[in-house]
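Report on one structure; see the data block that follows.
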Amino acid sequence: GLSSPRVVSRSVPEALTTTPQVKENPTMIVIRDQMFTLGEIFITPDAQAALLRTGHCPWEFLARHVRGDFGDIPPEDRQANIDALMDGARLMSSYRLNDSTIVWVITEAENADHQRESSTILLPENY
């Protein structure tokens, strides 16, 4: 099952190899109509703070992302995501919080075994 996102304190590429700094919450989340897998889920401290500040839940955006609602992205990025569903490339979504802060959700490209290893919730400045 899915658990709470892990908070990481480094930039995204480094974050994917770090040990989580918080314990997982054993809450099970079921997302219907998934178009791809999320892999292990990370969230940067800045993104976590923005979600807490605005009362948003990380799963709100992860659920939209994994169902193919990629949020506020240009048509060429939307097409790149559609192509990525077929060719295994990276997927990216962009959402606006209720205070106009932008959060991104990025799911890494498939590995050699055709598995997506991780997804990260971050602010654009964390990229």
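Some observations on this one:
- Selected residue (criterion: farthest from Phe36 (Cα to Cα)) from residues of the stretch 75-85 that are of a type in the set (D, E, K, R), out of contact with any strand residue (DSSP E or B) (no Cβ under 7 Å at 6 or more places or on another chain) and open to solvent by less than 90 Å² (accessible area, probe 1.4 Å): Arg78
- Restricting attention to the stretch 53-74, the residues being in a helix (DSSP H, G or I) and touching a strand residue (DSSP E or B) at 6+ places or on another chain (Cβ under 6 Å) number 3.
- For the stretch 86-120, a residue qualifies if it is crowded, with 16+ Cβ neighbours inside 10 Å, touching a residue at least 60 places away in the same chain (Cβ under 8 Å) and not in a strand (DSSP E or B), and exactly one does: Glu108.
- Within the stretch 97-117, being more than 17 Å from Pro45 (Cβ to Cβ) and within 14 Å of the chain's Cα centre (by Cα) holds for Thr107, Glu108, Ala109, Arg116, Glu117.
- Qualifying positions in the stretch 31-66 - of a type in the set (Val, Ile, Thr), out of contact with any Pro (no Cβ under 6 Å at 6 or more places or on another chain) and crowded, with 21+ Cβ neighbours inside 10 Å: Thr44, Val66
- Condition check for Ala15: modelled with pLDDT under 60, of a type in the set (Gly, Ala, Ser) and buried (at least 16 other Cβ atoms within 10 Å of the Cβ): yes
The values are calculated or read from the model by the stated rules, or taken from the named source; none is laboratory data. None of the values given here were measured: they were computed from a predicted structure. All Cβ positions, even for glycine, are placed from backbone atoms using ideal geometry, and neighbour counts span all protein chains on display. Remember, those area values only see protein heavy atoms, side chains included, never the ligands or the DNA or RNA. Shrake-Rupley method; radii C 1.70, N 1.55, O 1.52, S 1.80 Å.
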